[in-house]
Amino acid sequence: FTCNSVYLCNISGNSFEAWFDVTAVGRMDIIGAKTLKIQRSTDGVNWTTVKTYTMEDYPDLVAYNTVVNAAGVNYTGLRGYYYRARVQLYAKKGVNEGYWTQNSGSIYIPAN
């Protein structure tokens with residue numbers, strides 16, 4: 001990968017979007033995210049996965065025959081917790097595959 005980022009955006013109340021973008025050095029057969037996990041924490045340090053999106057169940061997480069891909073999911077969390085996204089970025093060209101796991105920054109959804 002030449003560049004990639006994972007971030008949370010469009011935060012409203014206790015809903016947000018978890019997005020990633022990834023750019024490869026050249027055209028890939030498949031590029032995107034193998035998994036996108038929403039993780040929750042009470043302290044911002046110890047994280048528990050509460051939802052996992054996979055490329056098999058959410059085909060929009062990957063793109064084909066391209067250099068760049070960006071995609072995201074909407075999630076509604078519980079108040080009083082920190083949230084982040086943990087994404088396993090993925091690219092495949094021919095028989096070669098590459099993986100890279102990256103976390104977003106965290107947000108806190110106030111209890112009230």
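The values are calculated or read from the model by the stated rules, or taken from the named source; none is laboratory data. These numbers come from a predicted model, not from an experiment. All Cβ positions, glycine included, derive from the backbone under ideal geometry; neighbour counts span all protein chains shown. Please note that ligands, DNA and RNA were not included when accessible areas were found on the heavy atoms of the full protein model with its side chains. Shrake-Rupley method; radii C 1.70, N 1.55, O 1.52, S 1.80 Å.
Structural remarks
- Amide H contacts of V50: I38, Q39, R40, each under 5 Å away and 5 or more positions distant or on a separate chain (H built 1.01 Å from N in the peptide plane; Pro and chain starts excluded).
- As a rough guide to protection, the peptides 69-80, 19-30 ranked by mean Cβ packing within 10 Å, highest first, stand as 19-30, 69-80.
- Per residue, the accessible area of the chain comes to 54 Å², computed with a 1.4 Å probe over protein heavy atoms only.
- Calculated diffusion of region 1-98, Stokes-Einstein form, Kirkwood radius summed over Cα pairs, 25 °C and 0.890 mPa s, µm²/s: 175
- Local net charge near V50, Cβ-Cβ under 9 Å (Lys/Arg +1, Asp/Glu -1): +3
- Counted by Cβ distance under 14 Å from T76, the other residues give a net charge of +2, where Lys and Arg count +1 and Asp and Glu count -1.
- Couplings for region 24-33, taken from phi via the Karplus curve 6.51 cos²θ - 1.76 cosθ + 1.60 with θ = phi - 60°, read 9, 6, x, 5, 10, 5, 9, 8, x, 10 Hz in order; Gly and Pro are left as x.
- Per-residue ³J(HN,Hα) for region 43-58, Karplus 6.51 cos²θ - 1.76 cosθ + 1.60, θ = phi - 60°, Hz, x for Gly and Pro: 10, x, 10, 9, 10, 10, 6, 10, 7, 10, 9, 10, 5, 6, 7, 10
- Carbon/sulfur fraction of accessible area - the chain, other protein chains in place, 1.4 Å, %: 48
- Using the Stokes-Einstein relation with a Kirkwood hydrodynamic radius computed over Cα pairs, the translational diffusion coefficient of region 44-112 at 10 °C and a viscosity of 1.306 mPa s comes to 111 µm²/s.
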